[in-house]
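Worksheet: one structure, shown below.
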Amino acid sequence: MTPEEYISAHPTLQGLEPYLVAAPYNRVHFDLTPYGLHIPAQNIIDPTHSSSERFCDLLLKLDSITFGPEGMPMDKWVFYDICYMPGSVFGFGIRASRAPAELRELFNVEQGDDILIPLAMYGAIPMAKPGAWMGHNLCSIGKRISFRDVRGLGTLSKVLGLKSVNAVSFFGATQWSSIALNVHVKFGPLELYTAFTPAHSESHTLTYGFECNDQALLAAAGHPEYAFERSSPELWIRPGDEEAMIDLQDRLEAGERFCIPTAPRRVHNQPHEVPVSSVFDQYDLP
Amino acid sequence: MNPLFAHFSRAFKDCSPFLLATQQNQPQLELSPLGVSITKRGEVIDPQLRSNGDFLHLLQSLDRLTFGPLEMTMPKWVSYDAGIMPSGIFGFCSETALLESWVKRAMQVPDDYEGKVPLTQMIAIPTPEPGSWYLHTLSSLNQVCMGAAAPANLIILTLTLGVRVFRMKRLYSSTQWRSSRLGIYVGMGPLEIITAYTYNHSVKQSVTWRLDIHRSLIEAALINDGASVAARPATHMIDVDDTETLKRMQTEIESGIKYYIVGRPSTRGSIVQVPVRRIE
């Protein structure tokens, strides 16, 4: 099955419309048909245009409903200065005219409104290194709606969002305790850049990266023909174990390389444990 | 010292440049902007080293003091995602011992801290348009304690060197119409207005603009006080508190009319006006 066929037939995406928010001077550098997915012209949103205000306000609403990536909604200026103008926001939504009352009420939208209601969004920021992008905001309506199952929509938004911006390498930051690590490792083994991060609001944050090629993106999207060889862990980090994080950080600063090869495992009395293994250049990591 | 910096000798005597950038980003950045060697005169700081945590804390203090009154303080995680990771932070800092004690208290400098204290910072994000950057933070401690914390016009030195550090060919940003900061930007060239009334910003009376960067104009901005020599005469003076005019300009821009900010804001009484040039 080709990537285009796989994405086109993906059950989670049926009946949903993709959208892209990006400044006009940026979107000419983007792929507006990622894996063959057509973004309707009316869903390509220009954040500098007055007509975009209503939809951008619905994105803010989605962010506040889902409490944002760090447990707090983002201010409007952060969206504008950080995502819309330098980078992009990609996601999926459903037309108000086709949305059930449950969803329209959540977003305070009338059935007669000709507007897309966003169900998931992925915001990414370009980096100084050509082709590198930093993940900033990933959210999905998830279980806050009951009329359909949108499991995996956040991951698919990230996959197609990164494809649309032609990302070559990807970087992200997340907490050791985050269940989102289960999603991130779908993109392959994650090379660690920091294990203890005082520069972040939460020092128990790790910074990771991966090569953003078709293998990574399609494996994350669940395409059965794309998978990774993954090494066995050498150690496990528990989210509350600051000493272990600092020890790992010291080893990174000394020049050793590590990755998170697989998803965390469940343990008693802890959210999970995160596997870590050495990197010996066996992976294509950024 | 380059004669360009003749008027900034006090700034260079009291302060030194810093560049906060990860190992991955450092090769993409210019470490000797306009001939000022950051490594010799100041320092390049890796934000991902644990030992630099205190300096990062002080940058957060600077942001809180300068943007806090506007309710636009940047959470540390946003600074990480939108500054440290994608590009870097450039600015000027001072020896702790040179600062007044109340400045140290305001900046929450730890009692046992002996490192440098940041006084200005500039943060920009590259865009997919090659050579174009979006500036989202430019601040100076002088904004909140004029003349007592940092040499005058340190912010101009930060901006003019910063555009070289980030190797900018084109600069985008959004600024509140009332901000005196517009006068600093327009010193580097005429600002093409992208939005005159910014519907998707927390402060809608913000202007989004872009500026093509030319080395000669940057150097001129260091010497001249006022609008750029590249700016053409204004056709209108815009009252920045006249919302209807700003909305009308926005509608015109959306229909293809071009506007440029060509001079510094002027304030008379409670009226702030900005000179613009309209081109059909």
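Observations
- Once segment A:183-197 is narrowed to residues that are of a type outside the set (Val, Ile, Thr) and out of contact with any strand residue (DSSP E or B) (no Cβ under 7 Å at 6 or more places or on another chain), the residue that is surrounded by the most Cβ atoms within 10 Å (Cβ to Cβ) is A:196.
- For residue A:54: the one exception among (1) within 20 Å of residue A:124 (Cα to Cα); (2) modelled with pLDDT of 95 or more; (3) within 14 Å of chain B (Cβ to nearest Cβ): (1)
- As a summary of the residue check, residue B:216 satisfies the conditions (1) closer than 20 Å to residue B:134 by Cα; (2) more than 18 Å from the chain's Cα centre (by Cα); (3) among the polar types (S, T, N, Q); (4) not in a loop (DSSP other than H, G, I, E, B) except for the one numbered (1).
- Among the residues of segment B:91-134, those identified as part of a helix (DSSP H, G or I) and either within 14 Å of another protein chain (Cβ to nearest Cβ) or basic (Lys, Arg) (or both) are B:104, B:105.
- When B:58, B:62, B:29, B:34 are checked against the criterion of being touching a residue at least 40 places away in the same chain (Cβ under 8 Å), closer than 24 Å to residue B:12 by Cβ and at the interface with another protein chain (Cβ under 8 Å from one of its Cβ atoms), B:29 stands alone in meeting it.
- Neighbours by Cβ (under 6 Å, 6+ apart or cross-chain): first from segment A:140-160, on the phi < 0 side of the Ramachandran plot; second of a type in the set (S, T, N, Q) and buried (at least 17 other Cβ atoms within 10 Å of the Cβ): A:153/A:12; A:153/A:140; A:154/A:140
- Which numbered condition residue B:260 fails, given (1) part of a strand (DSSP E or B); (2) within 12 Å of chain A (Cβ to nearest Cβ): (2)
- Screening the candidates B:192, B:129, B:114, B:100 for the property of being surrounded by fewer than 22 Cβ atoms within 10 Å (Cβ to Cβ) and touching a strand residue (DSSP E or B) at 6+ places or on another chain (Cβ under 6 Å) yields one hit, B:192.
- Only one of the listed residues (A:76, A:61) is under 30 Å from residue B:73 (Cα atoms) and in contact (Cβ under 8 Å) with a residue 40 or more places away in the chain. That residue is A:61.
- Residue match in segment A:169-176 (condition: in contact (Cβ under 8 Å) with a residue 60 or more places away in the chain and within 13 Å of the chain's Cα centre (by Cα)): yes
- Test: residue B:211 is farther than 16 Å from residue B:176 by Cβ and at pLDDT 95 or above: yes
- Comparison of B:202, B:206, B:228 shows that the only residue that is of a type in the set (Gly, Ala, Ser), within 30 Å of residue A:61 (Cβ to Cβ), in contact (Cβ under 8 Å) with a residue 40 or more places away in the chain and in the same structural domain as residue B:264 (by TED's automatic domain parsing) is B:202.
- Once segment A:59-78 is narrowed to residues that are away from every other protein chain (no Cβ under 11 Å) and crowded, with 21+ Cβ neighbours inside 10 Å, the residue that is modelled with the highest pLDDT is A:62.
- Where residue A:106 falls short, out of the listed (1) of a type in the set (A, V, I, L, M, F, W, C); (2) within 14 Å of another protein chain (Cβ to nearest Cβ); (3) part of a helix (DSSP H, G or I): (2)
- Note on segment B:13-42: residues that are surrounded by 17 or more Cβ atoms within 10 Å (Cβ to Cβ) and farther than 21 Å from residue B:213 by Cβ total 7.
- Test: residue in segment A:222-235 that is closer than 25 Å to residue A:167 by Cβ, touching a Phe, Trp or Tyr at 6+ places or on another chain (Cβ under 7 Å) and touching a residue at least 40 places away in the same chain (Cβ under 8 Å): yes
- Entry remark, segment A:153-186: residues being of a type in the set (Gly, Ala, Ser) and under 18 Å from residue A:211 (Cβ atoms) number 6 in total.
The values are calculated or read from the model by the stated rules, or taken from the named source; none is laboratory data. Everything numeric here is computed off the predicted structure, so don't read it as measured data. Please note: Cβ atoms are built from the backbone with ideal geometry, for glycine as well, and neighbour counts cover all protein chains shown.
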